[in-house]
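Asker: Before I ask anything, here is the structure I am working with.
The values are calculated or read from the model by the stated rules, or taken from the named source; none is laboratory data. Quick caveat, the model's predicted, so the values are computed rather than measured. A quick note on method: Cβ atoms are made from the backbone with ideal geometry, for glycine too, and the neighbour counts reach across all protein chains shown.
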Amino acid sequence: MNITVTRGSLTDFDCEVLLVGHFEGSKVPEGDACLLDEQCDGIISELIDKGDFEGKLYTSSVLYTRGSIPGQRILIAGLGKKEEFNLEKLRGIFSKAAQRIRSFNITQVATSLDFGETGFAIEDMARAAAEGALLGLYRFTPYKTLEEDKKGEINEFIIVEDRAGLLEDISKGAQTAEIISRAVYCARDLVSTPSNDMTPSILAHRAGAIATEANLKFEALDEAAMGRLGMNALLGVASGSAEEARLIIMEYNGGGKEDRPVVLVGKGITFDSGGISIKPSEKMDEMKSDMAGGAAVIATIKAAADLKLPLNVVAIVPATENLPGGRAYKPGDVLKTMSGLTIEVKNTDAEGRLILADALTFAKKYNPAAIIDIATLTGACVVALGDYLVGMMGADKELKKEISSASDATGEMVWELPLWHEYDELIKSDVADIKNAGTRAGGTITAALFLKRFVGDCPWVHLDIAGPALLSTDKPYIPKGASGIGVRLLVQFLIDRSQAPHVSHP
Ligand code: BES
Ligand code: MN
Ligand code: ZN
């Protein structure tokens, strides 16, 4: 779907459907709904007067203009109560409206953002509306071959605005939304792809193609190269699989030569069977999504480049399968990490922290301004926070604040769990320096404490996305399946950081 911005009025815009909004409780149509109502002999006010449309959030009604204006239909979308309106609601409103319009097999929509006074900046409104429509219309269809599954698509989404002074801001918002939504689509596609078509080497190949397109530096280390670096924790996890592991490295240099980069590290387990500590078969299929953190950082660095952000970013993805093969690593094994620290393997299903240990050590080579890792790391995080929230842990207050504010702006909500150092006891090992699994209780925190051992004193935040990475039910603008969680959060973090430059010189 293309998003365009045009000067004009909806009342004389020739289009299959005109999308406008109405606040719950408002007695008369406002903004552009009012203009359409005047041209169409009061059809909208009649609908409201008769009580047939109340403006409740996410509802909508279709009206036929029958020649009174060039637009053939009006879809009036409920905006909910005015005092509860915000940008997160707006994303959902445009998603639901766009989904309904698509279900009518309509291919072209014209809309306006004039709902009367809302108190939000027009650029933010345009971005949220366009993002909501794009994200809500996502479908993953490469494996669908049957005719009945090939439903229509909206090709054109036109934002129409009469006030010339607003056009530039609206265009800016829509363009940002398009770039970010494309990146989210890219992450969702990578995660949705089944693991037989998303092996570590295929993931590396896809990342390479994205890098070429976005003009990024790219490298993928093979197992021999990782061996030379001493990444034996990562290689230990990889040993049970016939597929070779990869360490994917992408670099975007939009900042100065001396600027320390933000390094993003994403867990890239392309399938997590649990290994020798094998998982129950029920829902094991969902573990194709165990590279969602990796997909998020690949998509984020692509968006950073497409937005031409003035800062340096590195994305690192340790990618491997976790399978129980004849050469697989086993409970009780001791692995020597790239950092030199030794790890006793208590459970081969706690593989994420092992591959991240070596990836984080590798990340420190870049002398980062900050390291953010993102991973579908613990089932305990799903138990604690459910499928809306990202678990956030870290010792750097400033960095956590930046992430929280990006979270508020994007609706990708994070909730902090404490790095409670008393729990360090739980990952002490009798035979090695540390072990990879503590007790069940506090599992998200002990996983983060484990990672902390590998970041040293670099400002660092860990994001556990085990809950929201793969959804079993629809959300207002996130269809069920791979959510692309983390992309909008991390991109917003980078946007904000590039606008308020940090002391980032060595
Ligand atoms: N990939 C899983 C975590 C996960 C669980 C993600 C559910 C998404 C949904 C991770 O590798 C894992 O298996 N973690 C174990 C750790 C335990 C053995 C210490 C877990 O959470 O059970
Ligand atoms: Mn696991
Ligand atoms: Zn895993």
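Asker: Restricting attention to the stretch 251-294, report how many residues are surrounded by 24 or more Cβ atoms within 10 Å (Cβ to Cβ) and either part of a strand (DSSP E or B) or charged (D, E, K, R) (or both).
Answerer: 12
Asker: A follow-up question, please. Identify the single condition in (1) without any contact (Cβ under 8 Å) to a residue 60 or more places away in the chain; (2) within 14 Å of ligand 3 (Cβ to nearest atom) that PRO331 does not satisfy, given that it satisfies every other one.
Answerer: PRO331 satisfies all of (1) without any contact (Cβ under 8 Å) to a residue 60 or more places away in the chain; (2) within 14 Å of ligand 3 (Cβ to nearest atom) except (2).
Asker: Would you be able to tell me the number of residues in the stretch 210-233 that are surrounded by 13 or more Cβ atoms within 10 Å (Cβ to Cβ) and within 28 Å of the chain's Cα centre (by Cα)?
Answerer: First pass over the stretch 210-233, keeping only residues surrounded by 13 or more Cβ atoms within 10 Å (Cβ to Cβ): 210-211, 214, 216, 218-223, 225-227, 229-233.
Okay, now just the ones that are also within 28 Å of the chain's Cα centre (by Cα), so 210-211, 214, 216, 218-222, 233.
Residues meeting the conditions: 10.
Asker: Find the residue count for the stretch 278-301, including only residues that are over 25 Å from ILE316 (Cα atoms) and either within 13 Å of ligand 2 (Cβ to nearest atom) or touching a His at 6+ places or on another chain (Cβ under 9 Å) (or both).
Answerer: Total meeting the criteria: 5.
Asker: Let me ask you something else. Could you tell me which numbered condition PRO318 fails, if it satisfies all but one of (1) under 26 Å from GLY486 (Cβ atoms); (2) more than 15 Å from ligand 2 (Cβ to nearest atom); (3) crowded, with 19+ Cβ neighbours inside 10 Å?
Answerer: All conditions pass for PRO318, except number (2).
Asker: Kindly evaluate LYS330 against the criterion of being touching a Ser or Thr at 6+ places or on another chain (Cβ under 8 Å), in a helix (DSSP H, G or I) and either over 20 Å from ASP189 (Cβ atoms) or modelled with pLDDT of 95 or more (or both).
Answerer: The answer is no for LYS330.
Asker: If the requirement is being modelled with pLDDT of 95 or more, basic (Lys, Arg), more than 16 Å from ligand 2 (Cβ to nearest atom) and farther than 20 Å from HIS462 by Cα, which of these qualifies: ARG246, ARG260?
Answerer: Values: ARG260 fails: farther than 20 Å from HIS462 by Cα.
Every option except ARG246 fails the conditions.
Asker: Can you tell me which residue within the stretch 416-449, out of those that are part of a strand (DSSP E or B) and surrounded by 17 or more Cβ atoms within 10 Å (Cβ to Cβ), is farthest from ligand 1 (Cβ to nearest atom)? Lay out the reasoning, then the answer.
Answerer: So the first thing to find is which residues in the stretch 416-449 are part of a strand (DSSP E or B), and the list is 416, 428, 434-435.
Those still in the list that are surrounded by 17 or more Cβ atoms within 10 Å (Cβ to Cβ) too: 434-435.
Values: ILE434: 13, LYS435: 10 Å.
The qualifying residue farthest from ligand 1 (Cβ to nearest atom) is ILE434.
Asker: Which of the residues belonging to the stretch 1-29 are loosely packed, with under 13 Cβ neighbours inside 10 Å and over 36 Å from the mean Cα position of the chain (by Cα)?
Answerer: ASP12, LYS27, listed by residue number.
Asker: Go through (1) within 12 Å of GLY268 (Cβ to Cβ); (2) away from ligand 1 (no atom under 15 Å from the Cβ); (3) outside any helix (DSSP H, G or I) for VAL297 and report which single condition fails.
Answerer: Tallying (1) within 12 Å of GLY268 (Cβ to Cβ); (2) away from ligand 1 (no atom under 15 Å from the Cβ); (3) outside any helix (DSSP H, G or I), VAL297 fails exactly one: (3).
Asker: Another question about this same structure. Can you list residue pairs whose Cβ atoms sit under 7 Å apart, with the first residue in the stretch 367-387 being at positive phi and the second being within 14 Å of ligand 1 (Cβ to nearest atom) and part of a loop (DSSP other than H, G, I, E, B)? Count only pairs 6 or more apart in sequence or on different chains.
Answerer: GLY386/GLY467
Asker: Just one of ASP41, ASP32 is of a type in the set (Asp, Glu), in the same structural domain as ILE154 (by TED's automatic domain parsing) and either touching a His at 6+ places or on another chain (Cβ under 8 Å) or surrounded by 20 or more Cβ atoms within 10 Å (Cβ to Cβ) (or both); which is it?
Answerer: Working: ASP41 fails: either touching a His at 6+ places or on another chain (Cβ under 8 Å) or surrounded by 20 or more Cβ atoms within 10 Å (Cβ to Cβ) (or both).
Going through ASP41, ASP32 in turn, the sole match is ASP32.
Asker: Another question, if that's okay. Checking the structure you have, find out if any residue of the stretch 89-111 is in a loop (DSSP other than H, G, I, E, B) and free of Cβ contacts under 8 Å to residues at least 24 places away in the same chain.
Answerer: So far as the stretch 89-111 goes, no, none of its residues is in a loop (DSSP other than H, G, I, E, B) and free of Cβ contacts under 8 Å to residues at least 24 places away in the same chain.
Asker: Six or more apart or on different chains, Cβ under 6 Å: which pairs go from a residue in the stretch 258-287 that's away from ligand 3 (no atom under 15 Å from the Cβ) to one that's assigned to a helix (DSSP H, G or I) and aliphatic (A, V, I, L, M)? Could you list them?
Answerer: Matching pairs, first to second residue: VAL263/ALA363; LEU264/VAL297.
Asker: Would you call VAL237 touching a residue at least 24 places away in the same chain (Cβ under 8 Å), within 27 Å of the chain's Cα centre (by Cα) and either more than 14 Å from ligand 1 (Cβ to nearest atom) or outside the structural domain of CYS458 (by TED's automatic domain parsing) (or both)?
Answerer: Judged against the criteria, VAL237 is not a match.
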